[in-house]
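Read-outs: derived from the displayed coordinates by stated rules, not from any lab. Since this is a predicted model, take the numbers as computed values, not measurements. Note that each Cβ is placed from the backbone with ideal geometry, even for glycine, and that neighbours are counted across all protein chains shown.
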Amino acid sequence: MPSTSIEDFRGILSNARNILVVSGAGLSAASGIATFRGQGGRWRKYDASILATLAAWHENQSRVWQFFHYRREEVRSKRPNDGHYALARMCMPKWRRIVAPNATIVHVTQNIDGLCLEALDELSSASEESPDGTIIEMHGNLFDVVCTAFDCDYRAKNMDYPICPALGGTEAIVAAGNVEPVVRRADLPHCPKCQQLLRPDVVWFGERPKQIQRILEAADSADLCLVVGTSSLVQPASKLPERVHANGGKVAVFNLEPNTNHSDEADFEFVGPCELEFARILG
Ligand code: BV8
Ligand code: ZN
């Protein structure tokens with residue numbers, strides 16, 4: 001049965017040498033971004049596990065681009081919440097609370113909203129201190145694009161609204177649940193380098209997560225894993241806490257709901273909104 005002792009958890013956290021954080025959509029829920037499953041979030045209008053796939057892309061690039069354009073615009077105005085900042089502070093030696101100054105932190109997020117990095121960038125520029133923790137967006141980022149041509153290396157951050165004229169305004173049509181507009185392939189975003197089609201640089205189901213080797217190495221050297229706001233259904237992210245546990249590391253789950261998929265190997269479980277739990281526990 002996982003412990004709920006804040007004092008014991010603080011003891012483990014203060015002695016941890018290598019910390020792995022695995023976060024999911026629940027971390028961004030307080031920022032107003034819908035989660036995929038579980039409590040605390042409205043169900044998405046569109047099922048990512050169907051639309052975020054290569055098969056969907058090959059079948060209808062226009063529909064997939066409308067879905068990701070819709071997600072870009074859903075996220076654009078959202079801001080990091082206290083949960084993002086609490087985890088960002090862990091990556092900043094001067095701002096750390098409880099965590100040892102020389103502990104290493106690797107925060108692997110499944111989220112593609114960019115809010116984890118945004119919170120860290122803000123703290124880093126506010127304190128003029130470079131972070132020594134690492135944030136890895138293992139499923140990519142909604143505002144990154146990559147060229148689909150096999151012989152072109154174009155990839156870029158693209159914050160444009162709209163990302164192409166033809167998609168402008170479709171987010172409102174999709175949000176209203178109206179009939180999906182038809183956007184011609186020729187009018188979708190194209191590579192400025194080779195004029196081939198661009199795609200969102202997001203990891204779809206069936207695709208290799210980003211920096212997976214580095215992530216597995218971080219899991220293998222971690223003596224503590226914080227599992228934050230994830231239903232732990234999507235692999236390989238969901239296997240990381242087990243990996244830490246198997247190597248003798250401790251696992252602490254932060255979730256709105258009890259008994260998520262890691263409760264049996266969790267040493268600690270804190271049930272409630274993670275943004276509030278961090279405030280309660282980290283002070
Ligand atoms: C891979 C980008 C090989 C797109 C995403 C059959 C069985 C098992 C596995 C598989 C299978 N068939 C295929 C697979 C593999 C597959 C997979 O896991 N499928 C699942 C559906 C079964 N995985 C893959 O294909 C991955 N690739 O395996 O490649 C490989 C592996 C290793 C090395 C080389 C090659 C690629 C998966 C990536 C897919 N892309 N996102 C997009 O977003 O559109 S995944 C998508 O789901 C999002 O990124 C999302 O973050 C992620 C996981 O969801 P969660 O983050 O957990 O969100 P969820 O809503 O589910 O849960 C929210 C939780 O928060 C809830 O528990 C809720 O209670 C809680 N909560 C809510 N509010 C709060 C809160 N908690 C705390 N505080 C709050 N305030
Ligand atoms: Zn190109």
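Annotation: the residues Leu276, Leu51, sorted from fewest to most other C-beta atoms within 10 Å of their own C-beta, follow the order Leu276, Leu51. Protection proxy ranking, highest mean first, for peptides 214-221, 82-89: 82-89, 214-221, where packing is the per-residue count of other beta-carbon atoms within 10 Å, averaged.
Our estimate of slack between Lys94 and Lys193, defined as 0.36 nm per intervening residue step minus the Cα-Cα distance, is 31.4 nm.
Computed about its Cα centre, the charge dipole of the chain is approximately 420 debye, with only Lys, Arg, Asp and Glu carrying charge at their Cβ. Mean residue ellipticity, 222 nm, helices only, the chain: the sum of -39500 (n - 2.57) across DSSP H runs of n ≥ 4, divided by residue count and rounded to 500, is -9000 deg cm²/dmol. Extension gain for the segment Phe150 to Asp220, taken as residue separation times 0.36 nm less the Cα-Cα distance, is 21.9 nm to one decimal. Shape class of the chain from the alpha-carbon gyration tensor: prolate, with a/c at 1.5 or above and a/b greater than b/c. Each part reduced to its alpha carbon centroid, segment 127-177 and segment 220-239 end up 24 Å apart. Rg/Rh for segment 229-276 (Cα atoms only, Rh after Kirkwood) is 0.95. In terms of surrounding Cβ atoms within a 10 Å radius of their Cβ, Glu269, Glu275, Glu257, Glu242 rank from fewest to most as Glu257, Glu242, Glu269, Glu275. The Cβ shell under 10 Å around Leu282 holds other residues with a net charge of +4, Lys and Arg each +1, Asp and Glu each -1. Database remark: amide H of His190 closer than 5 angstrom to the amide H of Leu198 (H placed geometrically; neighbours at sequence offset of 5 or more, or on other chains; Pro and chain starts carry no H). Which of rounded, prolate or oblate describes segment 205-244 when judged by the alpha-carbon gyration tensor and an a/c cut-off of 1.5? Oblate, because a/c is 1.5 or more while a/b does not exceed b/c. The overall shape of segment 35-137, judged from the alpha-carbon gyration tensor, is prolate: a/c is not under 1.5, and a/b is greater than b/c.
Among Lys239, Lys157, Lys250, sorting on how many other beta-carbon atoms sit within 10 Å of each Cβ, with the fewest leading, yields Lys157, Lys239, Lys250.
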